[in-house]
Each structure stands twice: as structure tokens, then as C-alpha cells.
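The block underneath contains the structure these notes are about, expressed in C-alpha cells.
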Amino acid sequence: MTALRLDDLRQHSDILRLRSGKSLTVRFVEPRDADALQSYFRSLSTRSRYNRFLGAISELPPAELDRFVHVGEADRFSVVAMMTVDGAETIVGEARYAFDAETDSFEFGLSIHDRWQGHGVGSVLLGNLECRAAAFGATRLFGDTLRSNDAMLGLARKSGFAFTHSPGDWKLARFEKHIDVAPQEIPCASWRLAARQMAHQVSI
């Protein structure tokens, strides 16, 4: 499948619904989000940052922050999950992913702010990532996490992922899922864009 146009993707967001009825907006990160994204990572608990980055950091190094906010570079993408909290649009979660066309695999990592863990944000965001993976034509979705990260392991298990060893690091567990959802069953912005683009190519 031809790569999705990033200038189109930046114009689209997915509006999702939590079990509480609250709305969650998932959209691509933009350069203007750099300060808010850095503040989000700084506000995570030490354990949450350690689980997300598989090591002890207090904030994103400048070079890594730059990679986060430039969508599509090196075939990597970043999204933020936004909610209205106390009247302000607030980042409550984030994810970063990459698609490998040679293996049809979609690798991702994510975090949910400590305040919003247990509210269903992780399940909704993970479902959205599965949709984005299918839009790329991926057949396999996977991630790695620390074996001590009970929250992520529980989320993956609840979402139907299978577990295996992570190659090269005994401290990590790999969770993966085969993607076999029909396109019409995964309505998200990235799929709609892919379908529209493919239809345009067919009509040319």
C-alpha cells in the first residue's frame, strides 16, 4: 500500500469514547506540542517513566523530543490522547509506533498518565493503534515491556495479545497480536484516509 500523506493525516483526529462517557481525542503530535509533551513526561511518576522508556529518565532528551514531534520521519509516528480536564485540553496518554513494510509488522510503545490509569484510556488507545496498524496493511502488532510492568501486561492480556520472549533481553516480555479485522470494522481516521487514497489511485 502506498504511504499515507502526512499533510492529510495532520488534519484528522479520532474522537473516541471512554466507558465513563468522556471523549478522548487521538491525534498526531505536531511540533507545537513539544512543550506540552515534555511536561506530560515530566509529570509521570518515576515508575511510569521507567516502564515507558525501559530505564530511568526524568524527561525526554532534546534529540528524542525532536523525533517525537516530527511525525513520519524514519517511518515513525507519534500520537497523543487528549481530554478536557478542568476546562483545558490535556495530554492523558501518548503512543509512538512504526510500520515495517518488509515484515508487515507494526511496533508500538505507549504510556497513560498515572491519574488516568484504570479509566479505560489504555484500552481505547490500544484499539485505535490496532486500527492504525490495519490501515498500513500490517498483519502483526507487537510491543515490548518490562516483565515487572503489570499494568501493561494486564492491558495487553485484556486486549487479546499473546506473550512470548523478547529477543535479546531477558528483562522484557513481548506481546503480539495477529491483525485480521476487516477494514469496514475499524472506522478510524487513518483507515478512512487510506481507503480514500486507494480509491483515488484506482480511479486515475
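Which percent of Cα-Cα pairs in the range 125-172 sits in each 5 Å bin, short to long?
Result returned by the calculation: 5, 19, 28, 22, 17, 9, 1.
Under a point spin-label approximation (7 Å from Cα along Cα-to-Cβ), what is the residue 22-residue 59 distance to one decimal in nm?
2.6
When the gyration tensor of the range 1-160 is built from Cα positions, what are the square roots of 5 times its three eigenvalues, in whole Å, from largest to smallest?
Each semi-axis is the square root of five times an eigenvalue, giving 22, 18, 18 Å.
Can you give me the Rg/Rh ratio for the range 48-112, using Cα atoms for both radii and the Kirkwood formula for Rh? List each step's numbers first, then the result.
Numbers: Rg = 13.5 Å, Rh = 13.3 Å.
Taking Rh as the inverse mean 1/r over Cα pairs, Rg/Rh reads 1.02.
Work out, step by step, the length gained on full extension between residue 150 and residue 73: first 0.36 nm times the residue separation, then minus their alpha carbon distance; give nm to one decimal.
That pair, residue 150 and residue 73, stretches by 24.6 nm at full extension.
May I ask you to work out the translational diffusion coefficient for the range 12-94 at 4 °C, viscosity 1.567 mPa s, via Stokes-Einstein with Rh from the Kirkwood sum over Cα pairs, reported in whole µm²/s?
95
Among 58-67, 101-110, 162-171, how do they line up by average Cβ neighbours within 10 Å per residue, starting with the highest?
Descending packing order for the listed peptides: 101-110, 58-67, 162-171.
By the gyration tensor of its Cα atoms, with a ≥ b ≥ c the square roots of the eigenvalues, what is the shape of the range 101-182: rounded for a/c under 1.5, prolate for a/b over b/c, or oblate? Kindly include the intermediate steps, with their values, before the conclusion.
Numbers: a/c = 2.06, a/b = 1.16, b/c = 1.78.
Oblate is the answer for the range 101-182, as a/c is 1.5 or above yet b/c matches or exceeds a/b.
If the viscosity is 0.890 mPa s and the temperature 25 °C, what Stokes-Einstein diffusion coefficient in µm²/s follows for the range 30-78 when Rh is the Kirkwood radius over Cα pairs?
D, rounded to a whole number, is 218 µm²/s.
Using a simple charge model, +1 on the beta-carbon of Lys and Arg, -1 on the beta-carbon of Asp and Glu, nothing else, what dipole does the range 70-173 show about its Cα centre, in debye to the nearest 20?
340
Rounded, prolate or oblate, given the Cα gyration tensor of the range 74-124, with a/c below 1.5 counting as rounded? Can you show the working numbers first?
Working: a/c = 3.87, a/b = 2.27, b/c = 1.70.
Cα axes put the range 74-124 in the prolate bin.
Read-outs: derived from the displayed coordinates by stated rules, not from any lab. On a predicted model such as this, the values are computed, not experimentally measured, just so you know. As a convention, Cβ positions derive from the backbone with ideal geometry for all residues, glycine included, and neighbour counts pool all protein chains shown.
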